[in-house]
Number of protein chains: 2
Amino acid sequence: MTRSRLLRPDPKLDLVLERVVDVPRELVWDAWTKPEHIKVWFTPRPWRTTECEIDLRPGGIFRTVMRGPAGEEFNNLGCYLEVVPQERLVWTDTLLPGWRPAASTGSQSCGLSGFTAVVALETLGQGTRYIATAMHRDEAGRRQHEEMGFYDGWGKALDQLVAHVKTMR
Amino acid sequence: MTRSRLLRPDPKLDLVLERVVDVPRELVWDAWTKPEHIKVWFTPRPWRTTECEIDLRPGGIFRTVMRGPAGEEFNNLGCYLEVVPQERLVWTDTLLPGWRPAASTGSQSCGLSGFTAVVALETLGQGTRYIATAMHRDEAGRRQHEEMGFYDGWGKALDQLVAHVKTMR
């Protein structure tokens, strides 16, 4: 676990959602890493995730298309940076698949300035400690993401994930 | 070797220096991954590499300080993305150690707009096929890097690497 030293959050720059959920981490991992699951829970309703592409390895693609109730569409394209099965998933939208730097306009999700995300999972009894972190390049990036509703959005999505996982068993 | 599919160069966006050198790839790998070697060969003379810090794992730091003959100083800070010993080294200055997106000003090397670099090594008889690739976010980034002297700079540095490696045996 020496690697997690690399990922200590910085309160000035990062947003962290931590919660204990009553589903096993193996299923939370599956929900995060398989397109058929992502499409069900990933986007807070009434938004929907209409497309999802995953190549689950460092440098591999993580792409989603989100569609809003009025027909809005956001394309999110990024790549995985670290994949530790059932334990930690790291990805960013500041690099394209194959680690190419993303163009500074266009590909960053929902108009945000780009971030790196970490989902870390730990078994806790029958459930899972779930820690999602968004790391930004500067304080403005963190603030913008917070004002766009990071806690509400990631929280609602997690509710949907848990509800979905309960149908998987 | 499926992973190398991720790294197919795009001639519009990438710069590639490929050469066969008459030193074994184990030593080329050491020259690229140990600070005491980097300090000797990394910067085309009369520039010098006065500091080097390496944490050789994905997300780990790769930092150098280059000093010019008139006292100019460039700080380069980035992180490794993939480390396949003696075969392939991938890093970027668009992410800081721990994969945090780099601030858009300041940390990018020598005023460049940020790139991902790949050094790939193959054994060829007693020598090594050496392929260095710089991947940019757009054509302007590639052009800027080329005009700054990518081929000359990386070529001279490789000459210095080979000369240094020959003293290591």
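With only Lys, Arg, Asp and Glu charged, each at its Cβ (+1 for the first two, -1 for the last two), find how big the charge dipole of chain A is about the Cα centre; round to the nearest 20 debye.
220
Which stretch or stretches of segment B:122-146 have amide N atoms under 12 Å from the point lying 7 Å from residue B:74's Cα along the Cα→Cβ direction?
B:145-146
For chain A, evaluate the Debye formula with one uniform point scatterer on each Cα (no solvent term) and list log10 I(q)/I(0) at q = 0.11, 0.12, 0.13 Å⁻¹, rounded to two decimals.
Cα-only, vacuum Debye calculation for chain A: -0.42, -0.51, -0.61.
Show me you know the interface measure: the accessible area buried between B and A, both chains summed, probe 1.4 Å, in Å² to the nearest 100.
Result for this pair: about 2500 Å² buried.
Once you put a point 7 Å from the Cα of residue B:8 and another 7 Å from the Cα of residue B:156, both along the Cβ direction, what distance in nm separates them?
Placing both labels 7 Å along Cα→Cβ, they lie 3.5 nm apart.
Treating the point 7 Å from Cα along Cα-beta-carbon as the label, what are the nm separations from residue B:51 to the other copies, to one decimal?
So the label point of residue B:51 gives 4.5 nm to the other copies.
Any idea how far apart residue B:103 and residue A:124 come out in nm if each label point goes 7 Å out from Cα toward Cβ?
3.5
Can you list the lysines whose alpha carbon is less than 20 Å from that of residue B:156, not counting same-chain residues fewer than 8 positions off?
Answer for residue B:156, where 20 Å is the Cα cut-off: B:34, B:39, B:166, listed by chain and number.
Can you give me the % of accessible surface on the protein assembly as shown that is carbon or sulfur? Probe 1.4 Å, all protein chains present, nothing else counted.
Carbon plus sulfur share of accessible area: 51 percent.
What accessible area per residue comes out for segment A:64-169, rounded to a whole number of Å², with a 1.4 Å probe?
40
The values are calculated or read from the model by the stated rules, or taken from the named source; none is laboratory data. Just so we're clear, the structure is a prediction, and the values are computed from it rather than from any experiment. Reconstructed Cβ throughout: ideal geometry from the backbone, glycine too, with neighbour counts over all protein chains shown. For the accessible areas, the whole protein counts, side chains as well, though only heavy atoms, and no ligand, DNA or RNA atoms are used. Shrake-Rupley method; radii C 1.70, N 1.55, O 1.52, S 1.80 Å.
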